[in-house]
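See below for the structure under consideration.
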Amino acid sequence: MPLSRISKKCLAASLVLFFANAGRGAADDELFREGAAAYRASDYAKAAKAYCECASRQPASGTLQNLGIAQWQCGAVGPAVLAWEQSLWLKPFERPARDNLRFARKSAQLDAPDLAWYEVVSSWFPSGWWAWIAGLSSGLAISMAMLPGILRLRKSGWHQAVAALALMVFLLSVPAQLGALTRSRIGFVLQKDTPLRLTPTAEAQTVVRLPAGKAARYERERGNYVLIRTTPDGVRGWLTREQFGLICSKPCNQ
């Protein structure tokens, strides 16, 4: 489906929703309003620029959601996919970003990143939550196991049940934290028809040309080049930093 024929009614509804729920400083709020006004006027390039600057100052899920919408309307598939993925990285509960990603990948014939089970678990909550969950659950498990004895209370069945549940949550949080770490190395190709090179040089042989929005895992870098492995097909090669954006990188600073 051509980008110009994307459902503007659906995207506009998402835009208004996030605009209404945005809470930020006066300068950022002014940028946000400027982006919303430009979008309503169908000046998508100006809207994307305003949202991009706003997200760079203060990354927020709603701003990134709107940034992705504006970039998609400009025909920038790669940056739009990255913005929506970054929105979900910050706030996995946002259904509009998830729905837009599903629509974009279907339209552009792109595969979603291939995630291990512990990476899927890590995506249930914002990545920063898992450390808190681990600390709270371990503390609760220890408390339920030790406090009855310390306070000379009779240990009842509910103490053991709460301790077991807390321990289970803690054990789940450990692989989830690992999943958040490995998932942070996932990124997306930003430019269409990007050459994936055999070596990190401009004269290197092209292994394959990648579409904008293609998911890949970052492995290492050399100079201005990064080595990636595409997912789910597993093709390895080099491209420049400007052609690749990580899911956890600062918005509009790839």
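Bear in mind that the values in this text are calculations on the coordinates, not laboratory data. Small disclaimer: the values here were computed from a predicted structure and weren't measured. Note that each Cβ is placed from the backbone with ideal geometry, even for glycine, and that neighbours are counted across all protein chains shown.
Taking other Cβ within 10 Å of each residue's Cβ, how do 74, 252 sort, fewest first?
Least crowded to most crowded, the residues run 74, 252.
For a 23 Å ceiling on Cα separation, which of these pairs sit above it: 106/214; 46/214; 46/106; 49/106; 106/250; 46/91? Where the Cα-Cα span goes over 23 Å, the pairs concerned are 46/214; 46/106; 49/106; 106/250; 46/91.
Among the GluC sites (Glu not before Pro) found in region 152-233, those both in a DSSP coil and sparsely packed, with 11 or fewer other Cβ atoms within 10 Å of their Cβ, are 203.
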